1. How much net charge surrounds residue A:71 when only other residues with a Cβ under 14 Å from its Cβ are counted (Lys, Arg +1; Asp, Glu -1)?
2. If you average over every viewing direction, what projected area does the convex hull of the Cα atoms of the stretch A:218-337 give, in nm²?
3. Could you state the angle between the C-alpha long axis of helix A:403-415 and the longest principal axis of the C-alpha atoms of chain A, as a value from 0 to 90 degrees rounded to the nearest 10?
4. In Å and from the alpha-carbon atoms only, list the Rg and Dmax of the stretch A:41-154.
5. Taking only Cα atoms, what is the 0 to 90° angle, nearest 10, from helix A:104-115's long axis to the longest principal axis of chain A?
6. Using the Cα centre as the reference, give the magnitude of the dipole from point charges on the C-beta atoms of chain A (Lys, Arg: +1; Asp, Glu: -1; all else neutral), rounded to the nearest 20 debye.
7. Within 10 Å of each Cβ of A:38-50, how many other protein chain Cβ atoms are there on average?
8. How high is the relative contact order of the stretch B:1-71, in percent, with contacts defined as C-alpha pairs under 8 Å that are six or more residues apart?
Amino acid sequence: MAFAGRLLTRSRLGSYVCRTRGLTANRIHRRHVVSCIDPSLGLTEEQKEFQKVAFDFAANEMAPHMAVWDEKEIFPVDTMRKAAQLGFGGIYVQPEMGGSGLSRLDTSIIFEALSTGCVSTTAYISIHNMCAWMIDTFGSEEQRHRYCPQLCSMEKFASYCLTEPGSGSDAASLLTTAKRDGDHYVLNGSKAFISGAGDTDVYVVMCRTGGKGAKGISCLVVEKGTPGLGFGKKERKVGWNSQPTRAVIFEDCVVPVANRLGEEGQGFTIAMKGLNGGRINIASCSLGAAHASVLLARDHLKVRKQFGEALSNSQFLQFKLAEMATRLVASRLMVRQAALALQEDRLDAVTLCSMAKLFATDECFAICNQSLQMHGGYGYLKDYAVQQFVRDIRVHQILEGTNEVMRMIVSRNLLQE
Amino acid sequence: MNPFCEIAVEEAVRLKEKKLMKEVIAVSCGPQQCQETIRTALAMGADRGIHVEVSGKDYENLGPLQVSKIMAALAKKEEASLVIVGKQAIDGDCNQTGQMTAALLDWPQGTFASQVSVEGDGLKVEREIDGGLESIRIKMPAVVTADLRLNEPRYATLPNIMKAKKKKIASVKPADLGVELTSRLEILAVEDPPQRQSGVKVESVQDLVTKLRDSGTL
């Protein structure tokens, strides 16, 4: 493509991202979105503009490739960099650092739309965004300048490293140590299930600088190529195949103190604050998949005939479709409300984010699964997209805090004195 | 936005970025919702917008002749060197507005453009015609209509969408431009094409000739 060479630089004059050849013609025949689940309802003019760009990008640049990215386990670096050129690399990072400076609600709307094109890639983009935000928010001026512009343009990619083989839900019990030695830390330990690991450049690592528990944890930024930083084998997964997942291994890995975000002992707070937004983002990705799946089911019901008539004449299936739509809209409302609460710094924000993640990821998985069922045997074939939505969003009920941990957070809030 | 018009906006913005044009003005005629379409054009890089307010019955009767009168009036008022529009709208498929606008202004026209370049004080336009491609040279000011292969429109970027909020959209009424909107066309009827009747199979050429003679066709 003629502009490939310019993707890596942020030129000020007249750099723009064109649609991939030949797809404008398809837009001439694009159908209208079904009304009651229209995701643009209730949005401001500006939000509708953001959403439109994201939907267009998803339909033109991602959807045509989502199956092959899944099958061949391709990490679509060029497509993600194209997305970054539109401002999707650091959506809620400050503009002076190269970000788009948008709100959490804007972000949710964008990820929901992008997810209709490819859940796995959008989910990675959201993790990348989370890391860029953490550095932008908790980093020093020098650190922000050092990392944020290149992350926002996706010249460099980021990974979030919290989980370890021995500490998943019990994240605060992590064992990776960072021993202070003058102007640097020496890291030893390993992280598990890290999205992007091995292919990304900047690792935001939660490690133990102090005593036991959350208060002994600090956050360090480790760059690829640092001696002592290694990776495990690429995991073979049920979904999320357009992003590599590997263990990250630290063996006497030397990291400058200048790479620490915030103070010693602040690491766990930084990690959790990152996750609040991350949970909204992941839930938003589930929303996009469910939306796409409802449309696929709807189209299939109208076309498939059995017992002499279209499936859409069956009251059972009509009611099922109505339930799917209702649960989708309910999930969307929760996620958007949580995004609002977070950006307004409301007291219930953390709990609401947990509730929204719990509710939306569970409901949307059920919706996608039901859509697959409605496709009958065809739903089980990889030629049809619905199975990929099901496989890709299954993990949303597990990562960024299992839905069990979400219940812990909510019950803790309810039972506190 | 009409896909061909999107291509037109993209071409206009590219000409400005190449510093061949000074300012891009996006124009839309219709009810309040047109402002959304203009905003999309602003987010792609147009400098300002003009919304020509037409609503209700007037909007239902708005056809290519009325729109081209409005465009001609605006082109004169804004002292435009180039009017670039989509070749046709995908609802009406009229393919008339660009041509009529050029006629009303007495400007040269380069229609079905698949390539536009500025040469001196004129334009070289490559047109898609039935037989292939035709290159013409026309003086400016001119009207160009965009065809599918002229370019691939850009995505609006998030920062540009936000900047577009600050760009101005002026509201104007057709009467202010001295344009009268009454349509000289009256739609008498709209019908589906007749259902295709099934044919008759014949066994031999002789049968065919006999049948054609009997029906009076031969």
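Taken together, the values in this text are just the output of simple stated rules run on the coordinates, not laboratory data. Please read all numbers here as calculations on a predicted model, not as lab measurements. When we count neighbours, we look across all protein chains shown, and the Cβ atoms used for this are built from the backbone with ideal geometry, even at glycine.
1. Summing Lys/Arg as +1 and Asp/Glu as -1 gives +1.
2. Its average projected convex-hull area is 11.5 nm².
3. Tilt of helix A:403-415: around 80 degrees.
4. For the stretch A:41-154, the Cα radius of gyration and maximum Cα-Cα distance read 14.0, 42 Å.
5. The answer is roughly 60 degrees.
6. Numbers: 47 positive and 42 negative charges, 193 e Å.
Dipole about the Cα centre, nearest 20: 920 debye.
7. Details: counts 0, 0, 0, 0, 0, 0, 0, 6, 7, 1, 4, 12, 5.
For this peptide, the per-residue mean of nearby foreign Cβ atoms is 3.
8. The value is 30 percent.
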